[in-house]
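Before any comments, here is the structure.
The values are calculated or read from the model by the stated rules, or taken from the named source; none is laboratory data. Please read all numbers here as calculations on a predicted model, not as lab measurements. Here Cβ is always computed from backbone atoms with ideal geometry, including for glycine, and neighbour counts include all displayed protein chains.
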Amino acid sequence: MDIDKVELTKTIANNIKKIRKAKKLKQNEVCNRIGMKTQQFSDIENAKNLPQIDTLIKIAYGLDVNLLSLLDNDESPESQLIYGLNDLDEAEIEFMKTTLDNLIKLRENRTN
C-alpha cells in the first residue's frame, strides 16, 4: 500500500484544525496541555510538517480525541454531523436529545 504523504499531511492538518475549532480551543491552549511549542503545532495544523506518531498521540490527548480521528479521511455527512455536534451548547444538546427521543417514539409507533 502506497501512502501519499502529502495527502496524509493535509488530512491530519485538516482534522486537527476542524476538531480544535469544534472544541473552541486556541492553538496555545492545546500546546499548553501537551507541552508543545505553538509554532510546531501551527506548522502541523497548516500541513507544513507530517508529525511523528508520538506527536500525534500527544495532539490527540490534547484535543481529547482518539488517535484515529486525526487520521480519518471521512468527509461523509455522518462524520460532518458528529463534528458539528461539538459546537452545541447545553440547551441545544437537550433540545437534540428531546428531538431524537421523540423521533424514536414516532418510529416505534409506526411499527406497532
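Remarks
- Residue check for Ala60: part of a loop (DSSP other than H, G, I, E, B), within 19 Å of Leu8 (Cβ to Cβ) and touching a helix residue (DSSP H, G or I) at 6+ places or on another chain (Cβ under 8 Å): no
- Listed by position, the helices (runs of 4 or more DSSP H) enclosed by segment 1-45 that each have at least 3 residues that are surrounded by 15 or more Cβ atoms within 10 Å (Cβ to Cβ) and of a type in the set (Val, Ile, Thr) are 5-22.
- The condition of being over 18 Å from the mean Cα position of the chain (by Cα) and farther than 18 Å from Leu68 by Cβ holds for only one of Lys26, Lys21, Lys37, that being Lys37.
- Any hit, segment 81-88, residues being at pLDDT 90 or above and assigned to a helix (DSSP H, G or I): no
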